[in-house]
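For reference, the structure is listed below as structure tokens.
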Amino acid sequence: MEVSVALVFTKDIISEGADRFGVTVSGKPLGDFENYIFEAERAGIKYVLRFTHSSHRTEEEVKAEMEFLTHLANGGAHVATPILSRHNQEVETVRANDGSLFYIALFSYAPGSKVDWKNNQVWNDDLFYEWGKTIGQLHRLATNLPKTIARIHGIQEELNRIMLLPEDDPVKAYGLELIEKIKELPVNPESYGLIHSDIHLNNFHYDNGKLTVFDFDDTIYYHYIHDLAIVVYYSTWRSGETVEERSKFARHQLRLLKKGYETEYKLDDKWYEEIPLYLLMRDVSLYAIIYLKFRDQLMPDHIKTVCDAITQRIQKREPLVKLD
């Protein structure tokens, strides 16, 4: 979390948020990268309590996220659903000492647990198939969701991040090139809509062969193929030391993802040819996110390693993996 936000996120705000939803919170945050996320409890049932600072999202954006989640849940999707506060609100607002706001939401706790990619009992073809099927279901349900102006379009979000990079950073110029290429892709209801945009290993739990997806904070309007590209991008980090090893894994995983995806929704095959473009765009976006988070702080070694690898790929104009 940015230093300025951390300074105003007090124990009183945590206590007030917990009281608004009638839950108890203990321990350190489960996450604090873009939001503060806590495990919460009420009457022996686990929940997740999230605090979103107004510098990150507007109240309208958070409420639109809740509407999307409710729409998906009503359609039968396995997602962490919003839980109402004591005042029957999906989103509560608390003011910090500096006048800024925190938007607070409570979610059901996803059954199961995160997948251990080192465990071949779960990190396997069955998971990849179900992963694709889950994403396909979300996209199918998104096609009949009423449009909202409260959630940003992906290309604009990418641009907003990139423009905050220093003018002399070569990643900035390359990112702007990629944006122009993405702008040339068609935008239609069959291939473009409201998506999760970040369904990697840490944003779902796996239980009895089913995924329950959470953390819809990054919900945006974008090409549906972006969601599948994100899976490939983060999965292949763990699939080998060389480009050849990672690429072999990525091609295999993508076949299973597509097979599962097409049980729920079908994209024209030409969209799969655009995945390398989105892998490059993700490199640029992640680079920008890391820069913005750590520009006023010392970057941990493991984050610096990720950033250095991204820089090398960008310099070579090469995506993380080769899919052809």
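So here's what we get for this one:
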{"item": "Cβ-Cβ under 6 Å pairs, at least 6 apart or on other chains, region 74-90 side not assigned by TED's automatic domain parsing to the domain that holds GLN137, far side acidic (Asp, Glu)", "result": "PRO82/GLU90; SER85/GLU92"}
{"item": "Of all residues in region 210-230 being in a loop (DSSP other than H, G, I, E, B) and either in contact with a Phe, Trp or Tyr (Cβ under 8 Å, 6 or more places away or on another chain) or polar (S, T, N, Q) (or both), the one that is farthest from ASP283 (Cα to Cα)", "result": "PHE214"}
{"item": "Residue, nearest to the chain's Cα centre (by Cα), within region 282-322, restricted to residues that are of a type in the set (Lys, Arg) and assigned to a helix (DSSP H, G or I)", "result": "ARG282"}
{"item": "Residue satisfying condition, being not assigned by TED's automatic domain parsing to the domain that holds HIS223 and not basic (Lys, Arg), within set ASN119, ASN160", "result": "ASN119"}
{"item": "Long-range neighbours under 7 Å by Cβ, at least six apart or interchain, first residue closer than 11 Å to LEU280 by Cα within region 172-187, second among the acidic types (Asp, Glu)", "result": "ILE179/GLU158"}
{"item": "Answer from ILE152, ILE179, ILE135 - the residue that is closer than 30 Å to VAL5 by Cβ, at pLDDT 95 or above and surrounded by 12 or more Cβ atoms within 10 Å (Cβ to Cβ)", "result": "ILE179"}
{"item": "Answer residue from region 39-55, given it is touching a residue at least 24 places away in the same chain (Cβ under 8 Å) and part of a loop (DSSP other than H, G, I, E, B) and is surrounded by the fewest Cβ atoms within 10 Å (Cβ to Cβ) among those", "result": "SER55"}
{"item": "Any hit, region 202-209, residues being at pLDDT below 95, part of a helix (DSSP H, G or I) and either surrounded by fewer than 20 Cβ atoms within 10 Å (Cβ to Cβ) or among the hydrophobic types (A, V, I, L, M, F, W, C) (or both)", "result": "yes"}
{"item": "Matching residues in region 19-38 - criterion: being over 13 Å from TYR109 (Cα atoms) and outside any loop (DSSP other than H, G, I, E, B)", "result": "ASP19, ARG20, PHE21, THR24, VAL25, GLY31, TYR36"}
{"item": "Lone unmet requirement of (1) surrounded by fewer than 20 Cβ atoms within 10 Å (Cβ to Cβ); (2) without any contact (Cβ under 8 Å) to a residue 60 or more places away in the chain; (3) of a type in the set (Phe, Trp, Tyr) for TRP117", "result": "(2)"}
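The values are calculated or read from the model by the stated rules, or taken from the named source; none is laboratory data. Keep in mind that what you see is a predicted model, and the values were worked out from it rather than measured. Positions of Cβ are generated from backbone atoms using ideal geometry, with glycine treated the same way; all protein chains shown enter the neighbour counts.
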